[in-house]
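Enquirer: Let me begin by handing over the structure; questions about it come next.
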């Protein structure tokens, strides 16, 4: 391995795994609310929907410091990826490049399928609260842009299901990041074991420094 290689034992890996585990913890905290909406065979009761909406309203009304801290932790994850991919080796391109792609997908899902629906749900719940206070039973749906008609009406339960499904997608994508980072650690472990076996057998092992690696690449080109 070259001197510039940043493997699974580097501090940059900690900058990646830390935020990913933090976000998985947040998703796990939401799992009791998401499970009945997606996988429970029992019908959803209005009480449970109200509990979920109360939970979402509480999260949406959190101080701005909370969202800024969350976005800062997301940025820390990107910093870890960019650090590991600076003058990257083949292993970095394979494992860290794939992890970065999954992390970008997770960020996109968070922006499009979590933040936007949560804002829409907050507006919907505020409108329903105002309508209930005025004695009007309307405003029971939320509008989303659709490909054909331009607008798609979703009920309260459907909107919550979309949000819960997005949480599940995020969890699988973030677990994929951890799997790739674990794969990098295992590949390094096997490489060290193979190197130790070659040395034990007395076989010659050619080790090139960074300058020699660059010269070999130039010769191949």
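Enquirer: Tell me, yes or no, whether segment 192-209 has at least one residue that is closer than 25 Å to residue 18 by Cβ, part of a helix (DSSP H, G or I) and either at pLDDT 50 or above or in contact with a strand residue (DSSP E or B) (Cβ under 8 Å, 6 or more places away or on another chain) (or both).
Expert: There is at least one residue in segment 192-209 that is closer than 25 Å to residue 18 by Cβ, part of a helix (DSSP H, G or I) and either at pLDDT 50 or above or in contact with a strand residue (DSSP E or B) (Cβ under 8 Å, 6 or more places away or on another chain) (or both).
Enquirer: Just to be sure I understand, how many residues within segment 24-40 are touching a helix residue (DSSP H, G or I) at 6+ places or on another chain (Cβ under 7 Å) and modelled with pLDDT under 95?
Expert: Going through segment 24-40 one residue at a time, the tally reaches 7.
Enquirer: For residues that are modelled with pLDDT of 90 or more and within 15 Å of residue 92 (Cβ to Cβ), scanning just segment 1-23, find the one that is surrounded by the fewest Cβ atoms within 10 Å (Cβ to Cβ).
Expert: By that ranking, first place goes to 15.
Residues checked against (1) closer than 25 Å to residue 105 by Cβ; (2) surrounded by fewer than 11 Cβ atoms within 10 Å (Cβ to Cβ); (3) over 16 Å from the mean Cα position of the chain (by Cα):
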position: 30; (1), (2), (3): yes, no, no
position: 38; (1), (2), (3): yes, no, yes
position: 48; (1), (2), (3): no, no, yes
position: 85; (1), (2), (3): yes, no, yes
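Enquirer: Also, quick follow-up: Of (1) within 18 Å of residue 165 (Cβ to Cβ); (2) modelled with pLDDT under 85, residue 57 satisfies all except one. Which?
Expert: Of the numbered conditions (1) within 18 Å of residue 165 (Cβ to Cβ); (2) modelled with pLDDT under 85, the odd one out for residue 57 is (1).
Enquirer: Among (1) modelled with pLDDT under 75; (2) assigned to a helix (DSSP H, G or I), there is one condition residue 107 misses while meeting the rest; what is its number?
Expert: Looking at each condition in turn, residue 107 falls short on (1).
The values are calculated or read from the model by the stated rules, or taken from the named source; none is laboratory data. Keep in mind that this is a model prediction, so the values were computed, not measured. Cβ atoms come from the backbone with ideal geometry, glycine included; neighbour counts cover every protein chain shown.
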